[in-house]
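The values are calculated or read from the model by the stated rules, or taken from the named source; none is laboratory data. As the structure is a computational prediction, the values presented were derived from the model and not from experiment. Heads up, the Cβs are rebuilt from the backbone with ideal geometry, glycines too, and the neighbour counts pull from every protein chain shown. These area figures cover heavy atoms from the full protein model, side chains too; ligands, DNA and RNA do not enter into them. Shrake-Rupley method; radii C 1.70, N 1.55, O 1.52, S 1.80 Å.
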Amino acid sequence: QTPKPAFKRVMLKISGEALMGDQGFGLHPPTVQRIAREVKVVHDLGVEICMVIGGGNIFRGLAGSAQGMERTTADYMGMLATVMNALAMQSALEGLGVFTRVISAIRMDEVAEPYIRRRAVRHLEKQRVCIFAAGTGNPYFTTDTAATLRANEMACEAILKGTKVDGVYDKDPMKHDDAVRYDSVTYDEVLAQHLNVMDASAIALARDNNLPIIVFSLDEPGGFRGILAGEGTYTKVH
Ligand code: UDP
């Protein structure tokens, strides 16, 4: 008998870059499909799943403004990029028979549902994966903050942040062989030591609402399911 999953409702946050595979830019459909399969396995356990996907594989507001674009316009472009990623994930999940809704913080009714909190909760209760797109709908924020905001609104038990590495390290493990992974770390330590988990406003919002963040490797097959089964390596921020 399969043990009960550790959480009933979670927020899975992934960066846009997770969808680009080995390409330097954009969407790599086989990679999107691979992640969708990871999500389906957890969905099949009966876990209610929210997702927020970044947009950095297509456009980042800061990069645009560094090249002379007006910052808020560039940020709106970044938010639109997240909608494309959300649609790609929707397509991949539905291809596997998982029902989904893309819910946009910016109205675009032909493409996605508008965000109505109680409606989104209902979708979750009906086992639909809710993919929250267009960030918070506001410039100057990131999709990490959007994930934290929606996770709070949806009463998720944790944010599961899927990255390239299996947790939070004292320094970049891609660059330093002697980097040490934390099993657990507090929100305040993340903020004080500028550990690379999420941006400061997202961490503060999680801290103020006691929402744990679990950083794990999405490159590891079965990694997402492992977290729900209490297995594998990860860092818990709490
Ligand atoms: N963005 C924004 N407000 C939000 C969320 C995102 O303005 O609430 C914009 C911002 O320009 C950001 C871009 O969307 O650079 C893409 O999101 P993010 O950088 O968080 O993506 P990730 O790094 O996770 O791929």
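Per the 1.4 Å probe, what fraction of the accessible area of the chain, in percent, lies on carbon and sulfur atoms?
52
Run the dipole for the range 91-192 about the Cα centre, Lys and Arg Cβ at +1, Asp and Glu Cβ at -1, nothing else charged, and hand back the magnitude in debye, nearest 20.
620
Looking at the range 96-206, send over the antiparallel percent of its DSSP beta bridges, to the nearest 5.
Of all bridge pairs located within the range 96-206, approximately 10 percent are antiparallel.
Heavy atoms only, 1.4 Å probe, whole protein assembly: order Lys126, Lys8, Lys171 by accessible area, highest first.
Lys8, Lys126, Lys171
Whole-Å semi-axes of the chain's equivalent ellipsoid, largest first, each the root of 5 times a Cα gyration tensor eigenvalue?
24, 23, 18
On full extension of the chain, what length is gained from Thr233 through Thr186, given 0.36 nm per residue of separation minus the C-alpha to C-alpha distance?
15.2 nm
Is it possible to state the helix-based mean residue ellipticity at 222 nm for the chain, with each DSSP H run of 4+ residues giving -39500 (n - 2.57), the sum divided by total residues, to the nearest 500 deg cm²/dmol? What is it?
Dividing the helical sum by the residues of the chain leaves -11000 deg cm²/dmol.
Mean Kyte-Doolittle of at least -1.0 and a Cα length of 24 Å or more along the axis: which whole DSSP H helices of the chain meet both?
Helices meeting the criterion: 71-95.
Identify which of Glu125, Glu220, Glu110 has the largest mean-square fluctuation in a Gaussian network model of the chain, with springs joining Cα atoms closer than 10 Å.
Glu110
Translational diffusion coefficient of the range 39-173 at 4 °C, 1.567 mPa s, Stokes-Einstein with Kirkwood Rh over Cα pairs, in µm²/s as a whole number.
83
Could you pull the accessible area for Arg225 with a 1.4 Å probe, rounded to 10 Å²?
Counting only protein heavy atoms, Arg225 exposes about 70 Å² to solvent.
Rolling a 1.4 angstrom probe over the protein heavy atoms, how many square angstrom per residue are accessible across the chain?
48
Go through Lys126/Lys161; Lys13/Lys40; Lys4/Lys164; Lys13/Lys175; Lys40/Lys126 and tell me which ones have a Cα-Cα distance over 20 Å in this structure.
As for pairs spanning more than 20 Å Cα to Cα, those are Lys126/Lys161; Lys4/Lys164; Lys13/Lys175.
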